[in-house]
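Here's the structure we're looking at; comments come further down.
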Amino acid sequence: MEDNIDTILLNKTTKFLFNDTSNYRLPWIASGMTVSSYALWAIFVLPGFRKVPWKLKVPFLPSSKHQTANVVKLLNGRKGRLVDLGSGDGRLVFAAVSIGFQSRGYELNPILVTWAKTQARWRGISEMNASFVKENFWTADLSSYNNVVLFLAPSVMESLEQKLYAELSDDAWVIACRFPFPHWKPTGTEGTGLDQVWAYSMKTIRNGFTKPQPS
(Lines give C-alpha, C1' and ligand atoms only; values in the text may rest on other atoms or scores of the structure.)
Protein backbone atom coordinates (compact mmCIF):
# COMPACT_ATOMS: atom_id res chain seq x y z
CA MET A 1 0.00 0.00 0.00
CA GLU A 2 2.78 2.42 0.94
CA ASP A 3 4.64 1.54 -2.27
CA ASN A 4 1.59 2.49 -4.34
CA ILE A 5 1.24 5.84 -2.57
CA ASP A 6 4.93 6.63 -3.10
CA THR A 7 4.60 5.80 -6.79
CA ILE A 8 1.56 8.06 -7.21
CA LEU A 9 3.29 10.99 -5.42
CA LEU A 10 6.44 10.53 -7.48
CA ASN A 11 4.48 10.60 -10.74
CA LYS A 12 2.57 13.74 -9.76
CA THR A 13 5.71 15.54 -8.64
CA THR A 14 7.51 14.63 -11.82
CA LYS A 15 4.67 15.97 -13.98
CA PHE A 16 4.62 19.19 -11.99
CA LEU A 17 8.36 19.81 -12.31
CA PHE A 18 8.66 18.86 -15.94
CA ASN A 19 5.92 19.78 -18.40
CA ASP A 20 6.60 18.58 -21.93
CA THR A 21 3.93 20.87 -23.42
CA SER A 22 5.22 24.08 -21.77
CA ASN A 23 8.84 23.51 -22.71
CA TYR A 24 7.88 22.62 -26.27
CA ARG A 25 6.03 25.93 -26.70
CA LEU A 26 8.74 28.23 -25.31
CA PRO A 27 11.00 28.16 -28.41
CA TRP A 28 8.01 28.96 -30.61
CA ILE A 29 7.01 31.90 -28.39
CA ALA A 30 10.58 33.25 -28.43
CA SER A 31 10.77 32.85 -32.21
CA GLY A 32 7.45 34.64 -32.64
CA MET A 33 8.64 37.60 -30.57
CA THR A 34 11.84 37.82 -32.61
CA VAL A 35 9.93 37.78 -35.91
CA SER A 36 7.51 40.42 -34.63
CA SER A 37 10.38 42.70 -33.58
CA TYR A 38 12.01 42.36 -36.98
CA ALA A 39 8.69 43.06 -38.70
CA LEU A 40 8.30 46.32 -36.76
CA TRP A 41 11.87 47.26 -37.71
CA ALA A 42 11.20 46.50 -41.37
CA ILE A 43 7.99 48.57 -41.41
CA PHE A 44 8.98 51.64 -39.42
CA VAL A 45 12.77 51.91 -39.65
CA LEU A 46 14.24 50.13 -42.66
CA PRO A 47 12.35 51.62 -45.67
CA GLY A 48 14.33 54.34 -47.42
CA PHE A 49 17.51 53.83 -45.38
CA ARG A 50 19.46 52.60 -48.38
CA LYS A 51 19.28 56.13 -49.82
CA VAL A 52 21.06 57.68 -46.84
CA PRO A 53 24.72 57.23 -45.81
CA TRP A 54 25.05 55.02 -42.75
CA LYS A 55 26.29 57.82 -40.47
CA LEU A 56 23.21 59.93 -41.27
CA LYS A 57 20.58 57.25 -40.63
CA VAL A 58 18.09 57.92 -37.83
CA PRO A 59 15.33 55.52 -36.71
CA PHE A 60 11.75 56.72 -36.15
CA LEU A 61 11.20 57.94 -32.59
CA PRO A 62 7.95 59.88 -32.07
CA SER A 63 7.96 63.02 -29.95
CA SER A 64 5.99 62.90 -26.72
CA LYS A 65 2.96 65.02 -25.93
CA HIS A 66 5.01 67.27 -23.62
CA GLN A 67 7.84 67.57 -26.12
CA THR A 68 5.40 68.62 -28.84
CA ALA A 69 3.89 71.22 -26.49
CA ASN A 70 7.38 72.59 -25.80
CA VAL A 71 8.00 72.97 -29.54
CA VAL A 72 4.78 74.95 -29.87
CA LYS A 73 5.88 77.27 -27.03
CA LEU A 74 9.14 78.05 -28.82
CA LEU A 75 7.28 78.73 -32.07
CA ASN A 76 5.05 81.29 -30.36
CA GLY A 77 5.25 84.62 -32.17
CA ARG A 78 6.89 83.13 -35.25
CA LYS A 79 5.40 83.18 -38.76
CA GLY A 80 6.18 81.88 -42.23
CA ARG A 81 6.92 78.44 -43.64
CA LEU A 82 7.97 75.52 -41.48
CA VAL A 83 9.71 72.25 -42.29
CA ASP A 84 10.04 69.15 -40.12
CA LEU A 85 13.16 67.10 -40.91
CA GLY A 86 12.24 63.46 -40.43
CA SER A 87 8.54 64.08 -39.80
CA GLY A 88 7.57 60.49 -38.89
CA ASP A 89 3.81 60.26 -38.34
CA GLY A 90 3.40 64.02 -38.76
CA ARG A 91 2.63 65.06 -35.21
CA LEU A 92 5.00 68.07 -35.16
CA VAL A 93 3.70 69.22 -38.55
CA PHE A 94 0.10 69.05 -37.30
CA ALA A 95 1.04 70.95 -34.14
CA ALA A 96 2.62 73.70 -36.26
CA VAL A 97 -0.42 73.87 -38.56
CA SER A 98 -2.67 74.31 -35.51
CA ILE A 99 -0.94 77.61 -34.71
CA GLY A 100 -0.98 78.96 -38.25
CA PHE A 101 2.10 77.64 -40.06
CA GLN A 102 2.24 76.29 -43.59
CA SER A 103 4.23 73.16 -42.93
CA ARG A 104 6.00 70.37 -44.80
CA GLY A 105 7.44 67.12 -43.51
CA TYR A 106 10.35 65.23 -45.03
CA GLU A 107 10.25 61.50 -44.32
CA LEU A 108 11.82 58.50 -46.11
CA ASN A 109 9.60 55.81 -44.62
CA PRO A 110 6.67 55.33 -47.08
CA ILE A 111 4.44 53.78 -44.39
CA LEU A 112 4.79 56.85 -42.16
CA VAL A 113 4.30 59.25 -45.09
CA THR A 114 1.08 57.49 -46.07
CA TRP A 115 -0.15 57.49 -42.48
CA ALA A 116 0.58 61.23 -42.08
CA LYS A 117 -1.26 62.05 -45.31
CA THR A 118 -4.21 59.92 -44.20
CA GLN A 119 -4.38 61.77 -40.88
CA ALA A 120 -4.32 65.11 -42.70
CA ARG A 121 -7.34 64.05 -44.78
CA TRP A 122 -9.20 62.84 -41.70
CA ARG A 123 -8.57 66.16 -39.99
CA GLY A 124 -9.65 68.14 -43.03
CA ILE A 125 -6.25 69.82 -43.44
CA SER A 126 -5.39 70.90 -46.97
CA GLU A 127 -2.12 69.95 -48.64
CA MET A 128 -1.29 73.66 -48.83
CA ASN A 129 -1.14 73.78 -45.03
CA ALA A 130 0.33 70.34 -44.31
CA SER A 131 2.27 68.40 -46.95
CA PHE A 132 4.39 65.28 -46.56
CA VAL A 133 7.01 64.13 -49.04
CA LYS A 134 9.03 60.93 -49.29
CA GLU A 135 12.34 62.65 -49.90
CA ASN A 136 15.79 62.81 -48.36
CA PHE A 137 16.07 66.18 -46.62
CA TRP A 138 19.87 65.95 -46.73
CA THR A 139 19.74 66.58 -50.48
CA ALA A 140 16.88 69.10 -50.36
CA ASP A 141 17.32 72.88 -50.51
CA LEU A 142 15.92 74.27 -47.24
CA SER A 143 16.56 77.94 -47.99
CA SER A 144 12.86 78.75 -48.48
CA TYR A 145 11.97 77.84 -44.89
CA ASN A 146 12.38 80.24 -42.00
CA ASN A 147 11.31 77.74 -39.33
CA VAL A 148 12.89 74.30 -38.97
CA VAL A 149 11.98 71.63 -36.42
CA LEU A 150 13.69 68.29 -35.96
CA PHE A 151 13.93 65.28 -33.67
CA LEU A 152 16.92 63.30 -34.89
CA ALA A 153 19.95 61.71 -33.20
CA PRO A 154 23.19 63.05 -31.70
CA SER A 155 25.27 61.35 -34.40
CA VAL A 156 23.88 63.60 -37.17
CA MET A 157 23.65 66.95 -35.39
CA GLU A 158 27.12 68.18 -36.32
CA SER A 159 26.55 67.41 -40.02
CA LEU A 160 23.18 69.14 -39.84
CA GLU A 161 24.81 72.24 -38.36
CA GLN A 162 26.85 72.58 -41.54
CA LYS A 163 23.84 72.14 -43.85
CA LEU A 164 21.58 74.57 -42.00
CA TYR A 165 24.35 77.17 -41.63
CA ALA A 166 24.92 77.08 -45.40
CA GLU A 167 21.26 77.20 -46.48
CA LEU A 168 19.10 79.08 -43.98
CA SER A 169 18.60 82.85 -43.94
CA ASP A 170 19.42 85.06 -40.95
CA ASP A 171 15.76 85.28 -39.91
CA ALA A 172 15.45 81.48 -39.68
CA TRP A 173 14.62 79.76 -36.40
CA VAL A 174 15.67 76.16 -35.70
CA ILE A 175 14.15 73.99 -32.98
CA ALA A 176 15.86 70.75 -31.93
CA CYS A 177 14.12 68.13 -29.79
CA ARG A 178 15.92 66.19 -27.04
CA PHE A 179 19.39 66.49 -28.59
CA PRO A 180 20.94 70.00 -28.92
CA PHE A 181 23.43 71.03 -31.57
CA PRO A 182 27.00 70.41 -30.41
CA HIS A 183 28.50 73.82 -31.30
CA TRP A 184 25.61 76.28 -31.32
CA LYS A 185 24.45 78.32 -28.36
CA PRO A 186 20.64 78.16 -28.01
CA THR A 187 18.51 81.29 -28.00
CA GLY A 188 15.92 79.65 -25.76
CA THR A 189 14.82 76.31 -24.32
CA GLU A 190 11.69 74.65 -22.93
CA GLY A 191 11.19 71.54 -20.82
CA THR A 192 13.62 69.21 -19.08
CA GLY A 193 15.02 65.72 -19.53
CA LEU A 194 13.71 63.71 -22.46
CA ASP A 195 11.14 66.41 -23.31
CA GLN A 196 13.59 69.32 -23.52
CA VAL A 197 13.79 71.30 -26.76
CA TRP A 198 16.15 74.08 -27.87
CA ALA A 199 15.61 77.06 -30.19
CA TYR A 200 18.39 78.62 -32.28
CA SER A 201 18.38 81.96 -34.10
CA MET A 202 20.48 81.77 -37.26
CA LYS A 203 21.30 85.47 -37.00
CA THR A 204 22.68 84.94 -33.50
CA ILE A 205 24.59 81.86 -34.62
CA ARG A 206 26.25 83.75 -37.47
CA ASN A 207 27.12 86.73 -35.28
CA GLY A 208 28.64 84.69 -32.51
CA PHE A 209 30.15 81.57 -34.01
CA THR A 210 32.65 80.59 -36.66
CA LYS A 211 31.23 78.66 -39.57
CA PRO A 212 31.50 74.92 -38.79
CA GLN A 213 34.09 73.13 -40.87
CA PRO A 214 33.32 69.83 -42.63
CA SER A 215 34.73 66.85 -40.73
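The values are calculated or read from the model by the stated rules, or taken from the named source; none is laboratory data. Since the model is a prediction, treat every value here as computed from it, not as a measurement. So basically every Cβ, Gly included, is an ideal-geometry build from the backbone, and we count neighbours across all protein chains shown. All accessible areas refer to the heavy atoms of the entire protein, side chains included, with ligands and DNA or RNA removed. Shrake-Rupley method; radii C 1.70, N 1.55, O 1.52, S 1.80 Å.
Here are a few things to note about the model shown:
- FRET efficiency for the Leu61 to Asp171 pair, using the beta carbon distance and R₀ = 35 Å, is estimated at 0.75.
- Both radii come from the Cα set of segment 128-198: Rg as radius of gyration, Rh as Kirkwood radius; their ratio Rg/Rh reads 0.95.
- Taking Lys and Arg as +1 and Asp and Glu as -1, the other residues whose beta-carbon sits under 13 Å from that of Met128 total +1.
- Most to least accessible of Glu127, Glu135 (protein chains only, probe 1.4 Å): Glu127, Glu135
- Relative protection proxy for 78-84, 141-147, from highest mean packing down: 78-84, 141-147 (other beta-carbon atoms within 10 angstrom).
- Taking segment 53-142 and dividing mean pair separation by its residue count, relative contact order in percent (alpha carbons under 8 Å, at least six apart): 25 percent
- Calculated FRET efficiency, Asn207 to Thr139, Cβ-Cβ distance, R0 = 25 Å: about 0.30 to the nearest 0.05.
- Within the shell defined by Cβ-Cβ distances under 12 Å, the residues around Val97 carry a net charge of +2, with Lys and Arg each +1 and Asp and Glu each -1.
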